[in-house]
Every structure is written in structure tokens, then in C-alpha cells.
Amino acid sequence: MRIATTVLVTFLVLGNSELDAEPHVSGRVAEVLVRYPPEGIALAPGDLVWAHTVTPPVAISAGANTKIRIRISGVNLPHGDDVRIEIADGNGQVHDVLDRDRLEGQEDIWSMFIPGQQASLRVRGQDATDGFTFVVDRVLFPFTTVAVESFFGEGQLTDIVEYQGNQADVIKAVATSVAKIDYAVGGHGDTCTAFRIGADLVQTSAHCVATQNVCATTIVQFGFQKNAFGAFDRGQSVRCVEVVAQEGEESADTAILRVTPAPKDEYEIVDFRDHDTDDDEPLFIVQHPGGETKKVSIIDCAVFDNAETEAFLHGFGHSCDTKAGSSGAPVFDLAGRVVGQQRAGHRNPDVTDKPNLATFGSLLRIDSVGLVQDGAPVGIEAAPGGQDSEIPSTAVPLPLPIAPDEPTAPEEPPVSDAPSISSPGSGGSDTIAPDTD
């Protein structure tokens, strides 16, 4: 067992090691230009004022999970409240509504995902002809890439619905807390994994989302998984509205995001264990590898360190299977409690004997930053930050434990009203056998 400290080991900065922390590139962003109001077209006040179809500038292949997003910029709102933009799919089903509350004060806003190969843009409301202007200037569309594998031995990722092993009931219960996150950065769309930690809070890797500008592009999708018939369940999608706290890649590599609307009650809030992983402890990870439907790694999944992961003082090694896009996924013990967060894997898919890396669970706990009062999450107002800035100007870094002078066995923490972080400890699940089939 290792004690997490604040000391950094230079050769283990992820960019200079065999471990790599990266999202999965799942889409491309292209420029388009659609202006409202359109030139040379008379608009008549009424319920439906104008409609326009937006398509990517290149043909995209149709498929069960084909979808696009559009970005709306340069919004000028009229004085009246009766104005809104609806965004529908090619069959006319509305998937996003941008009203005054959603548009006001936004420099630009990305739509939710619209299934299919096009987005039908509709402007509605009596006030929409009185000074209402905007531009559609970006479209994000699928771009198929192969996610880098970080398998230990044979790859054994399993769809949630198909897993029938020893911990099926536990996995089914906690898997609802896990979500896929998609965001736009630069000229592409990226995918990672997140999990629900509060009524309107989720946690993911900081190397995925750590700034307010990236948060503003981020969609968090709960319930994206295969059902018993092999079809996709799309679940509920919500928006990131605030980076509440974060700690960079040189340490915990984790971020807490506030989302709206609050996810439905059917998506569970995780429990954190009060001590970190034990040597060789069996584990499982629920994740969205490569942006795919929700999967679990549990077969031959356990704490497993080598010299490289042992030297990294903020995390532990494990033998669970992951891919690019699994970053941010919760690492569970066999009782379904969070003991870590997936952060990096080895780059070479031909390497199958090296461990992946996860952040210690003690560096992830929300109560360590004082964000829980009387059992309820409370917010920290975050001002917008630039995409290239390290953190939003008022986001609060997650504190790290203070390194002891000499390694000591963990002690029971004193009873206190002040926020605290549990030190890594032992015990818990050593009596539960790992899943082997």
C-alpha cells in the first residue's frame, strides 16, 4: 500500500512516459455560415417565422449512432420574451430548444446532439422579427477513428446488459451513475467518461474538461448503452454550465462540473470509499471506451503496479481494460464504491502486460473541497475562463494530502466539522474474490 503525497516524480510526467492520458477524438468541426435573418427574405410574425436545414460540408455515413451538433454565435436578443430557436432532426422531432433564458449572455452556444445527418433549424415567436439576429458558424459531425486500446492480456470489455457474472447486480446498480461526455475543442470533437457525484454535479478527468470555455461546449449523456434487444438507449443528455473545481494532470487530474438540468433520479450518485485500494484488490471500471456504449471491465481487473505506476505518487496501477475515451471513468471496488478514477493507459496496443493508471480515490472526494454542507452540494461561482487558460478564474483546485515526514500506517481521522481527505488505508474487500469469467 502506498501513501499519496504532493511530491512529483519528473520522469512520470505522462507526456514523457509510456503512459498517456488522452480523450478519444470522435468528430470534426467544420465552418458553415447561416445568418438569421436571411438576406432578401421577408419574415412574417407568427408561430413559425423561419426554417433552415443545416448539413455538414462533407458527406457523412448514415448509421444507428449518426448525429451532429451546431454552434450558434453572435446572438442579439429582442426586448420581448416570445422568441426561441428549435433544433430538430430530419424527421421533425425537436431535440433542443434555445429560448431567452438559454441564449441570453452567451457569446456562442452549442446545440445538443441531433440524431441523423442534418439539423432542422426553426425560429419561432412574435418577437423574432424585431431585432433578433444570430449566426450558425460551426457544425460538429462524426469522424471515425480507432480508439487506442490499453488492454491487459486479452481485451474483455463487456456491454453492461451482457454481463452476467458474480457482481452483475452491483454493476447494474452503479452503472447508471456513469455518463459519456462529448465536447468541442479546436477543430475536433472529443469524448471522455464522467460519473455523477451530486444532484447536479459530475466528475471527469481534468485533461478532458477543465476550463469554462470547454465546459460550455460539453454535453453529458447518461444512459447511453445497449439494451436487451441490441439497440441504443440514448438516455438523458444535460449541459455543463460550470467548472466547480479541478486539479491538473500533474497531480489528481480530476474536475468537478455542474450540469443543467439535474439528471433524473434513475441515474445514481456514487459512494466513495473512505480508504484507497489494497494490493491486488479486485476492481471493476464502468466506462465509455472510444465513445462507445457503456461497458464494464471486471474480468481479470485488479490493482496491479509496476515500477512506473508505483513511482507515481497520486495514483495506482491496475490491470483493467480501457481505451482512449475511458478517461474520467470511476474505478469501483466489488461492493460498488469508488476507489479511483481512470486517467491514463499505455500507448501501444501490442503491449498487453503493462498496467494502466488511476487516480487515488482520496484525491477525488467532493467533501475535501468543502462543497457539501448539511449533506447537500453547494456551488462556487466560476467566471468564464479562456480555452487555453489552466483553470477558470474562480474555480478552486482540489487540495492534495500533505506528505508525511515518514511513511506511517493510516490512523482514524479526528472528528471535525472541517472538510478533510481520507488517507489511503487497508481492508474493505479482501474477502471478495475477483471475477474470472
Residues in segment 331-353 that are touching a strand residue (DSSP E or B) at 6+ places or on another chain (Cβ under 6 Å), of a type outside the set (K, R) and surrounded by 16 or more Cβ atoms within 10 Å (Cβ to Cβ) total 12
Return yes when R100 is crowded, with 19+ Cβ neighbours inside 10 Å and either touching a Lys or Arg at 6+ places or on another chain (Cβ under 7 Å) or farther than 20 Å from D182 by Cβ (or both) and no when it is not. no
Looking at this structure, is A228 of a type in the set (A, V, I, L, M) and open to solvent by 30 Å² or more (accessible area, probe 1.4 Å)? yes
If we keep only residues of segment 276-308 that are in a helix (DSSP H, G or I) and in contact (Cβ under 8 Å) with a residue 24 or more places away in the chain, then the residue most open to solvent (accessible area, probe 1.4 Å) is E308
Can you name every residue in segment 244-263 that is surrounded by 24 or more Cβ atoms within 10 Å (Cβ to Cβ), in a loop (DSSP other than H, G, I, E, B) and at pLDDT below 95? A252, D253
Of residues in segment 215-225 being under 12 Å from the mean Cα position of the chain (by Cα) and in a strand (DSSP E or B), the one surrounded by the most Cβ atoms within 10 Å (Cβ to Cβ): F222
Considering only segment 264-275, I want to know if a residue exists there that is part of a loop (DSSP other than H, G, I, E, B), in contact (Cβ under 8 Å) with a residue 24 or more places away in the chain and surrounded by 24 or more Cβ atoms within 10 Å (Cβ to Cβ). no
Flag if D159 is of a type in the set (D, E), more than 30 Å from N348 (Cα to Cα) and modelled with pLDDT under 95: no
Scan L48, L33 and give me the residue that is over 16 Å from A128 (Cβ atoms), among the hydrophobic types (A, V, I, L, M, F, W, C) and loosely packed, with under 13 Cβ neighbours inside 10 Å. L33
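The values are calculated or read from the model by the stated rules, or taken from the named source; none is laboratory data. These numbers come from a predicted model, not from an experiment. When we count neighbours, we look across all protein chains shown, and the Cβ atoms used for this are built from the backbone with ideal geometry, even at glycine. Accessible surface is based on the protein model in full, side chains and every heavy atom, while ligands, DNA and RNA are left aside. Shrake-Rupley method; radii C 1.70, N 1.55, O 1.52, S 1.80 Å.
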